[in-house]
Amino acid sequence: MEIRKLIDLLRATIDPNQRQQAEAQLDQIHKIIGFAPSLLQVVMMTDCDMPVRQAGAIYLKNLISNSWQDREAEAGQPMPFALHEQDRALIRDSIVDAVVHAPDLIRT
């Protein structure tokens, strides 16, 4: 996952004129293996603007809340998306360190 593109998309979600298009692009790429760890990486970048980091933290929180566990598909419905085990492992390995080093605006 290209970090610079992800930063640009997160920045665009803050701009009311670009928000819908940026969110649509994020919805398309969030299923790519490596997306969630890349998002965590953006959140932890000290040289990235705080609003972008906050947008990334919110998106990551929602992604984890909705997609962490594997779920059964209901009859006639497509299989619900779940984060790839590789992504879950990478997040597990780095989330505690990320929270410890995150500024208060990101943690709250």
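Read-outs: derived from the displayed coordinates by stated rules, not from any lab. The structure presented is a predicted model; accordingly, all values stated were derived computationally and were not measured. Using ideal geometry, Cβ is built from the backbone for each residue, glycine included, and neighbour counts are taken over all protein chains shown.
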Within region 59-72, is there a residue that is closer than 15 Å to residue 3 by Cβ and not in a loop (DSSP other than H, G, I, E, B)? yes
I'm trying to understand the selection: among the residues of region 1-21, which are surrounded by 14 or more Cβ atoms within 10 Å (Cβ to Cβ) and either part of a loop (DSSP other than H, G, I, E, B) or not hydroxyl-bearing (Ser, Thr, Tyr) (or both)? 1, 6, 7, 8, 9, 10, 11, 12, 14, 18
Inside region 1-59, can you point out the residues that are in contact (Cβ under 8 Å) with a residue 40 or more places away in the chain and basic (Lys, Arg)? 11, 31, 53
Output the number of residues of region 22-33 satisfying the condition of being exposed (fewer than 13 other Cβ atoms within 10 Å of the Cβ) and over 14 Å from residue 67 (Cβ atoms). 2
